[in-house]
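Heads up, the thing below is written out as structure tokens.
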Amino acid sequence: MNIISRTLAGIFSIILGLYIFYDSFIDKPEDWLWILGVGIFFIVIGIFIFFNKKEDEIDKIKNNKK
């Protein structure tokens, strides 16, 4: 992923996770604990995507070999 797509995917995932996290407290559905877990999962994945800079270094090495 390049920097722009990584940033957009990370921000989108974090916002989605925060919305699901927030919604689990507001609506109080029957299975709110499961929904809370999904929200936290999306937040963690979004943070990992957003701060993963090693993949850009790998892409630079691949492009230099061509």
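The values are calculated or read from the model by the stated rules, or taken from the named source; none is laboratory data. Note that the structure is predicted; figures quoted are calculated from it, not measured. Here the Cβ positions follow ideal geometry from the backbone for every residue, glycine too, while neighbour counts run over all protein chains shown.
Scan region 39-49 and tell me whether some residue there is loosely packed, with under 13 Cβ neighbours inside 10 Å, at pLDDT below 85, on the phi < 0 side of the Ramachandran plot and assigned to a helix (DSSP H, G or I).
No, because not a single residue in region 39-49 is loosely packed, with under 13 Cβ neighbours inside 10 Å, at pLDDT below 85, on the phi < 0 side of the Ramachandran plot and assigned to a helix (DSSP H, G or I).
Name the residues in region 1-38 that are surrounded by fewer than 13 Cβ atoms within 10 Å (Cβ to Cβ) and part of a helix (DSSP H, G or I), would you?
Filtering region 1-38 for residues surrounded by fewer than 13 Cβ atoms within 10 Å (Cβ to Cβ) gives 2-5, 19, 22, 25-31, 33-34.
ILE3, ILE4, SER5, TYR19, TYR22, PHE25, ILE26, LEU33, TRP34 - these are the residues of region 1-38 that are surrounded by fewer than 13 Cβ atoms within 10 Å (Cβ to Cβ) and part of a helix (DSSP H, G or I).
Restricting attention to region 1-56, which residues are touching a residue at least 40 places away in the same chain (Cβ under 8 Å) and of a type in the set (Phe, Trp, Tyr)?
So the first thing to find is which residues in region 1-56 are touching a residue at least 40 places away in the same chain (Cβ under 8 Å), and the list is 1-3, 6-7, 9-10, 49-52, 55-56.
Residues satisfying the conditions are PHE50, PHE51.
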